[in-house]
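J.: Okay, here's the structure, questions in a sec.
Nothing in this text is a laboratory measurement; each read-out follows from the coordinates by a stated rule. As the structure is a prediction and not an experimental result, all values here were calculated from the model. When we count neighbours, we look across all protein chains shown, and the Cβ atoms used for this are built from the backbone with ideal geometry, even at glycine.
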Amino acid sequence: MKVKQVMLENPRTLHRSKTLGDASDLYKQTKVNCAPIVDDNNNVVGILTVFRLLEALESGATFSTSVEEVMDRNLQIINEDTNFSQIRHKPIDRLLIFNRNNQLSGVLTRIDLINKVHKALENTEDKLAEAFETNKKLKSIIEASYDGIIVVDKYGIVQMVNSSYFRLQTSLHEPNGKSLSDIPLECCHQINKVFQEVLQKRKVVFDRFRGKDFSELAITGSPVLDEQNHPTLVVIGLRDYTELNKIKLQSARYSQELKSLRTKDQKELIFHDTAMELVVQKVLRVAEVDSTVLLTGESGVGKEVIARTIHNSSTRAEGPFIEINCGAIPENLLESELFGYEKGAFTGANKEGKPGMMELANGGTLFLDEVGDLPLTLQVKLLRALQEQEIYRIGGRNAIKLDIRILAATNKDLEKMIVEKKFREDLYYRLNVVPIHIPPLRERKSDILPLAMHFLERFNLKYNFRKSFSSEVCKLFEKYSWPGNVRELANLVERLVIMTEQDIIYPDQLPETFLKQHTTGSMQIEIDKIIPLKDAREQVETELIIKAFKEYGSLRRAGEALGVAHSTLLRKARSLGIHYED
């Protein structure tokens, strides 16, 4: 530290002709305890301190006495660049400080020095207290981190760790002051690798560690650089992904279970068959987006119910669900029903005009049932509307913007119709974004009885009856092929509930066509020649077992139909050389 750092800079001076009264006023104004005395050339010729002024007054001098008479002419002058250590052994009563040009630049007295040192000590104490609080906060922040933190100096010696570090290791080993390579962590090799790369690259480095017990750590190394851009410390962060991965797995499992529960919670859809469950899962998945869906399947399988389920499970559930049967409306009216018309568009039109089904479906869903019956002339207009998301009313000139989702359904083979030039290929691909095929009821026999019981409960409630099916009727239901699918089943159950007089419904209440199909569908045995009974029995058993496997697709259900336990059936099939695949 140099003298100029503690001196009183640019002190006020007094001319040698000034009086002690002038000196007293100067002390009061500037609150100093000494003043250099200068001559006419501004050269320092003496110095007058407060103590010297008091001594002079006690000796008989007055305030009108000239300062030249009492000033101290014994001057102690030093250069401002002198190190303070060179003069600290001298008695510091008053020193005059000159600069390199030999001009007065400051003064230094004992009191000034004490005040300066005291103020410096106060500032130092404040800064130390501030640094202590800052350090305390930084440690608290490091401790609050869920990630493990290791602070290492450039020599690889651990300076500090936080509490989370101990959570990631199996022992209570204290690493502070030890080498980084000695820390008892399974990922020690990766940590040292990150540390060395940070020192070399002088930037943040990442790595990942996967343990034998499916544990996973993300390792981050960050350098602390000095003014010369050299690393002085490396902060290593350890983030444990083990629990997060477990949570992700649990979340995925819960999500799958939730989807399964959501699938089974569809009140409008009654199903037990695996194939139908897969269909419902597709339905709920596609309901989350706005993609166009093409529903295919035989008449009566429930395409309209599926379409409503998609709408009700989508974000458009609050919007309209508009259904139009393309095969039920005459061709000359279908265009106006779809697109609407302006007033006076044609003879017999409404005077005010009329919005079409597509316009009414704005903000919701438009269900085009039996889309395979759509005339070719309208297929072009529908394709444009789907592509541009806008329509023109008949007779209109202003485009109407659409915000609709299209669901289409058909029981026809559209690909075959494309070959026959009865359906446009471009419209087919526009509609067939997400195809969903609904299997017929005969291919999901495990759904027959649940659906029959559902309809029985519905119609009992509707007509205030308490009807029930006999076991024989239930068996006949399961064996019937149901060419009309779910619609036929619903209609039959309603008819039986209404027309049956007793509370229990027996087979004799079933329609003749129903019983006729069951009778004609039974296996006929033809005898061409006489063979041993053992061989005949084996042939009949072989044909029956093969037929049961094909019809029921389940070993247990085939056994029930044949009247034997499934284990007995499997053993019998193997003895006859019949291969069964579940």
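J.: Only Lys, Arg, Asp and Glu count, each charged at its Cβ (+1, +1, -1, -1), so figure out the dipole size of the chain about its Cα centre, rounded to 20 debye.
T.: Result for the chain is approximately 540 debye, rounded to the nearest 20.
J.: When the chain is fully extended, how far beyond the present Cα-Cα distance does residue 534 get from residue 246, taking 0.36 nm per residue of separation?
T.: Result for the pair: 97.5 nm of gain on full extension.
J.: While we're here: Using a 10 Å cut-off around each Cβ, can you sort 34, 474, 187 from fewest to most neighbouring Cβ atoms?
T.: Neighbour counts put them in this order, fewest first: 474, 187, 34.
J.: Using θ = phi - 60° and the Karplus curve 6.51 cos²θ - 1.76 cosθ + 1.60, what whole-Hz ³J(HN,Hα) does each residue of the range 230-245 get, with Gly and Pro shown as x?
T.: 9, x, 9, 9, 10, 9, 10, x, 10, 9, 8, 9, 4, 5, 4, 5
J.: For the pair residue 79 and residue 420, how long in nm is the line joining their label points, each one 7 Å along Cα→Cβ?
T.: 11.6 nm
J.: Which Cα, out of 407, 377, 76, lies furthest along the positive dipole direction of the chain (beta carbon charges, K/R +1, D/E -1)?
T.: 76
J.: From the C-alpha coordinates alone, can you work out the Kirkwood hydrodynamic radius of the range 533-575, in Å?
T.: Here the Kirkwood hydrodynamic radius works out to 10.3 Å.
J.: Test of understanding: what is the full-extension gain from residue 2 to residue 304, defined as 0.36 nm times their sequence separation minus their Cα-Cα distance?
T.: Stretched fully, the residue 2-residue 304 segment lengthens by 99.1 nm.
J.: Rounded to the nearest 0.05, what FRET efficiency do residue 352 and residue 315 have when you use their Cβ-Cβ distance and R0 = 35 Å?
T.: Result of the calculation: an efficiency of 0.60.
J.: Nearest 0.05, what FRET efficiency do residue 481 and residue 458 give at R0 = 30 Å with Cβ-Cβ as r?
T.: It comes out at approximately 0.80.
J.: Now, a different point. Need one number: nm distance between label points at residue 403 and residue 495, each 7 Å from Cα along Cα→Cβ, rounded to one decimal.
T.: Result: 4.7 nm between the two label points.
J.: With both bridge residues required to lie in the range 3-116, what share of the DSSP beta bridges run antiparallel, to the nearest 5%?
T.: Roughly 75 percent of the DSSP beta bridges within the range 3-116 come out antiparallel.
J.: Which of 357, 275, 440 sits closest to the plus end of the dipole of the chain, meaning its Cα is farthest towards the positive end, when Lys and Arg get +1 and Asp and Glu get -1 on the C-beta?
T.: 275
J.: Relative to the longest principal axis of the C-alpha atoms of the chain, give the angle of the C-alpha long axis of helix 376-388, reported between 0 and 90° and rounded to the nearest 10°.
T.: Roughly 10 degrees, rounded to the nearest 10.
J.: Give, in nm to one decimal, the length gained when the segment between residue 38 and residue 204 is fully stretched (0.36 nm per residue of separation minus the Cα-Cα distance).
T.: Extra length available between residue 38 and residue 204 comes to 53.3 nm.
J.: Here's a follow-up. Give the percent of DSSP beta bridges with both residues in the chain that are antiparallel, rounded to the nearest 5.
T.: Bridges in the chain are about 65 percent antiparallel.
J.: In which sequence would 220, 232 go, from the one with the fewest C-beta neighbours within 10 Å to the one with the most?
T.: 232, 220
J.: Using 1/(1 + (r/R0)^6) with R0 = 25 angstrom and r between the beta carbons of residue 99 and residue 29, what's the FRET efficiency to the nearest 0.05?
T.: About 0.50, to the nearest 0.05.
J.: Let me ask something else about it. Ranked highest first by the average count of other Cβ atoms within 10 Å around their residues, in what order do 411-424, 358-371, 128-141 fall?
T.: Top to bottom by mean Cβ count within 10 Å: 358-371, 411-424, 128-141.
J.: Further question: Quick one: of the DSSP bridges fully inside the range 258-439, what percent are antiparallel, nearest 5?
T.: That works out to approximately 20 percent antiparallel.
J.: Let me ask something else. Mind ranking 449-457, 532-540 by how tightly packed they are, going by the mean number of other C-beta atoms within 10 angstrom, highest first?
T.: Per-residue mean Cβ counts within 10 Å order the peptides as 449-457, 532-540.
J.: Another question about this same structure. Which of the three applies to the range 3-116, rounded, prolate or oblate, going by the alpha-carbon gyration tensor with a ≥ b ≥ c and a/c under 1.5 meaning rounded?
T.: prolate
J.: Roughly how tilted is helix 110-144, in degrees to the nearest 10 and between 0 and 90, from the longest Cα axis of the chain?
T.: Computed tilt is about 10 degrees.
J.: Which value at 222 nm does the chain reach when only helices count, each DSSP H run of 4 or more adding -39,500 (n - 2.57), with the total divided by all residues and rounded to the nearest 500 deg cm²/dmol?
T.: -13500 deg cm²/dmol
J.: Also, quick follow-up: Testing the spin-label approximation: label points 7 Å from Cα along Cα→Cβ at residue 229 and residue 572. State their distance in nm.
T.: 8.8 nm
J.: Helix 188-201 sits at what angle to the longest principal axis of the chain, using alpha carbons and giving 0 to 90 degrees rounded to 10?
T.: Tilt relative to the chain: about 60 degrees.
J.: Still on this structure: Counting residues in the range 145-240 as N, plug N into 2.2 N^0.38 Å and put the Cα Rg over that result.
T.: 1.01
J.: Label the chain by shape, choosing from rounded, prolate and oblate, from the square roots a ≥ b ≥ c of the eigenvalues of the Cα gyration tensor; if a/c is under 1.5 it is rounded, and otherwise prolate applies when a/b is larger than b/c, oblate when it is not.
T.: Prolate.
J.: Additional query: Taking +1 at the Cβ of each Lys and Arg and -1 at the Cβ of each Asp and Glu, which of 453, 328, 11 sits farthest along the dipole of the chain towards its positive end, judged by Cα position relative to the Cα centre?
T.: Farthest along the dipole direction, towards plus: 11.
J.: Classify the range 7-51 as rounded, prolate or oblate from the Cα gyration tensor: take a ≥ b ≥ c as the square roots of its eigenvalues, call it rounded if a/c is under 1.5, otherwise prolate when a/b beats b/c and oblate if not.
T.: Oblate.
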